[in-house]
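The values are calculated or read from the model by the stated rules, or taken from the named source; none is laboratory data. Since this is a predicted model, take the numbers as computed values, not measurements. Please note: Cβ atoms are built from the backbone with ideal geometry, for glycine as well, and neighbour counts cover all protein chains shown.
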Amino acid sequence: MNYQETVQYLYNQMPAYQRVGSAAYKAGLDNSLALDAYFEHPHRHYRTIHIAGTNGKGSTSHLLAAILHESGYKVGLYTSPHLIDFRERIRVNGEMINKQFVVDFVKNHRHAFEPIMPSFFELTMEMAFLYFQHMEVDVAIVETGLGGRLDSTNIISPNLSIITNIGFDHMQYLGDTLPKIAAEKAGIIKPETPVVIGEVENDEIREVFLEKATRENAPIIFAEDVMDNFSSKIAANGWILNNDSYQNLRSELGGGMQNKNARTVLASIQELLKLGYKIPNHAMYDGFANVVELTGLMGRWQTLQEKPKVVCDTGHNAHAIRYIAKQLSNEKYKTLHIIFGMANDKDSISVLSIMPKNAIYYFTQASIERALNVDILAEKADEYGLHGEKYSTVKLALEAATRNANEFDFIFIGGSSFVVADALALIQITGK
């Protein structure tokens with residue numbers, strides 16, 4: 001098989017949650033442990049940092065990877081989902097995994113992993129761990145998939161655990177209350193391993209983390225407590241962050257959600273320094289200022305075009321959409337156009353209830369099985385005063401919005417990672 005055939009095999013033999021949803025979900029660590037034993041525990045050959053959370057774990061992972069890379073470390077980065085290319089999930093110093101490695105991994109090992117019947121995520125995770133060993137990384141940053149306690153990645157023994165925040169998402173797997181979801185995410189807290197908690201909405205969630213950390217004798221750090229002098233402001237060339245250790249830190253990622261991610265990263269850097277990591281000041285400034293170029297991060301309040309300004313963001317649940325709605329309210333424009341679609345397993349009511357009403361909507365659905373039908377989406381949106389036209393593809397929605405908007409307008413693309421992925425692929429193809 002060539003590379004394209006190999007990736008198609010992975011999708012077909014081990015259905016990806018990204019594409020089909022719950023049919024691809026496998027709770028428990030049995031498959032991961034079996035795969036890991038077969039490959040002789042590759043993640044034990046380098047240090048790891050483990051990151052969970054409802055939102056922000058991708059941005060946090062990429063920021064840490066950029067900073068550590070600029071500090072002179074060889075850094076593996078495992079994240080999900082991908083937007084355009086499967087290889088986005090597995091990077092070393094920003095470079096995507098070699099295509100031939102993907103082909104050889106399946107060719108050489110399918111006889112061993114097919115009887116195990118792993119999920120797509122379980123198998124690609126082990127591919128990442130093996131690739132990082134092959135590339136002799138110094139440290140790998142590993143992002144969880146859905147939860148924590150039963151997440152496939154929870155077989156590693158990290159130097160540092162990070163939980164960005166807790167919000168309502170994947171409730172069918174993680175629980176229907178925030179404390180229940182927090183308990184699942186807290187599953188990545190390991191014995192005597194420090195854990196940084198990025199954002200805590202209430203004392204009940206805080207108590208869940210404190211109890212787990214106490215049981216594991218794990219030092220726990222709440223970023224909101226240790227970064228009380230943290231501040232941020234918008235400037236001409238991005239967001240400017242300040243705290244006691246770093247002044248006028250320019251961040252390439254901006255907005256309310258990203259500022260909370262930045263605070264989490266700064267608290268995490270403090271802990272990594274205590275653990276003996278060498279992170280010079282210039283690495284902090286270079287990492288924050290150049291995270292997109294250094295790591296290939298896409299879809300986080302990403303500006304795709306000016307006049308009219310076109311921005312996309314992968315935020316897809318109420319916790320993230322609150323920040324997006326606030327960010328949109330701070331933008332200056334004549335008319336707001338929103339290209340919007342959702343996955344069929346998301347809480348559309350919670351999201352639609354907080355979306356801006358002063359906008360023209362272009363309701364659509366992404367090119368995946370999990371996409372919420374556009375007719376259903378538009379009908380639900382109408383109940384919340386969100387009005388617009390329906391488009392069967394993101395391509396048609398993007399063409400309509402671009403046709404209708406003038407240079408003083410603003411076009412936002414979001415509601416789903418998959419809508420953003422379709423838009424990014426189109427813009428990449430057309431060269432816009």
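So that you can scan it fast, the table gives a plain yes or no per residue for (1) out of contact with any helix residue (DSSP H, G or I) (no Cβ under 9 Å at 6 or more places or on another chain); (2) modelled with pLDDT of 95 or more; (3) crowded, with 21+ Cβ neighbours inside 10 Å:
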residue	(1), (2), (3)
113	no, no, yes
117	no, no, no
132	no, yes, yes
138	no, yes, no
141	no, yes, yes
144	no, yes, yes
147	no, no, yes
153	no, yes, yes
Q) Looking at (1) touching a residue at least 12 places away in the same chain (Cβ under 8 Å); (2) more than 15 Å from residue 412 (Cα to Cα); (3) out of contact with any strand residue (DSSP E or B) (no Cβ under 8 Å at 6 or more places or on another chain), which is the one condition that is false for residue 247? A) (1)
(Q) List the residue pairs whose Cβ atoms are under 7 Å apart, where the first residue sits in segment 283-311 and is farther than 25 Å from residue 328 by Cβ, the second is assigned to a loop (DSSP other than H, G, I, E, B), and the two are 6 or more positions apart or on different chains. (A) 283/71; 284/246; 290/252; 294/94; 295/94; 296/94
Q) If you go through segment 134-141 one residue at a time, do you hit one that is part of a helix (DSSP H, G or I) and closer than 19 Å to residue 8 by Cβ? A) no
